[in-house]
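Down below is the structure, laid out as C-alpha cells.
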Amino acid sequence: MGEGEEIHVAEDERVNISLKDLSKKLEEFAKARDWEKYHSPRNLLLAMVGEVGELSEIFQWRGEVDKGLPNWEESDKEHLGEELSDVLLYLIRLADICGI
C-alpha cells in the first residue's frame, strides 16, 4: 500500500480469504510501518482516487474493450490486475477506517 510495497502471493496460488481477514492483514501491515496516523478517511480516499487514475490510464485510448480482454497481452492483463488490487485494498482499508 506504500510505493513499491506489496503483499505477495505465489503466482499460481489461489487464496480464499474473507474481506474481514484481508482488512485485518491491511491493518497489521499499516501498524507494522507506523502508517496508522496517515490513514484518515480523507487520505485513504485520495490515495484510492490516485490508484483509480492509474487504472483508468490502462483503458485510455483503447476504445471499447471486449469481455475477457481477448486482444490484450498477458503483461497488460497483469498490470490491470495489479491496479485493480491496489484500488480494492484502499477501498477495504477505507471501509475499515470508517467503521463500515
Next item on the list: Please give the calculated 222 nm ellipticity per residue for the chain, where each DSSP H segment of at least 4 residues contributes -39500 (n - 2.57) and the sum is spread over every residue; nearest 500 deg cm²/dmol?
Entry: -19500 deg cm²/dmol
Item checked: Diffusion constant of the stretch 61-100 at 37 °C, which comes from Stokes-Einstein with the Kirkwood Cα-pair radius and 0.692 mPa s, µm²/s -> 273
Check: Of the lysine pairs in the chain, how many meet both conditions: Cα atoms under 25 Å apart, and a spacing of 8 or more in sequence or different chains?
Finding: 5
Check: Taking only Cα atoms, what is the 0 to 90° angle, nearest 10, from helix 74-97's long axis to the longest principal axis of the chain?
Finding: 30
Notebook entry, point to check: Quick one: length gained pulling Ser40 to Leu69 fully straight, 0.36 nm per residue minus the C-alpha distance?
Noted result: 6.9 nm
Item checked: Surface per residue (accessible, 1.4 Å probe) for the stretch 19-98, Å² -> 70
Note to self: Which one, Leu84, Leu46, Leu69, has the greatest fluctuation when you compute a Gaussian network model over the chain with C-alpha springs under 10 angstrom?
What the structure shows: Leu69
Notebook entry, point to check: Quick one: in the chain, what % of C-alpha pairs are over 24 Å apart?
Noted result: 30
Margin query: Under the rule that an exposed site lies in a DSSP loop and has at most 16 other Cβ atoms within 10 Å, name the longest stretch of the chain with no chymotrypsin sites (Phe, Trp or Tyr not before Pro) of that kind, not counting the sites themselves.
Written below: 1-34
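The values are calculated or read from the model by the stated rules, or taken from the named source; none is laboratory data. Source: prediction; values computed, not measured. Note that we place each Cβ from the backbone using ideal geometry, even for glycine, and neighbour counts take in every protein chain shown. When the accessible area is computed, the model is the full protein with side chains, heavy atoms only, and any ligands, DNA or RNA have been set aside. Shrake-Rupley method; radii C 1.70, N 1.55, O 1.52, S 1.80 Å.
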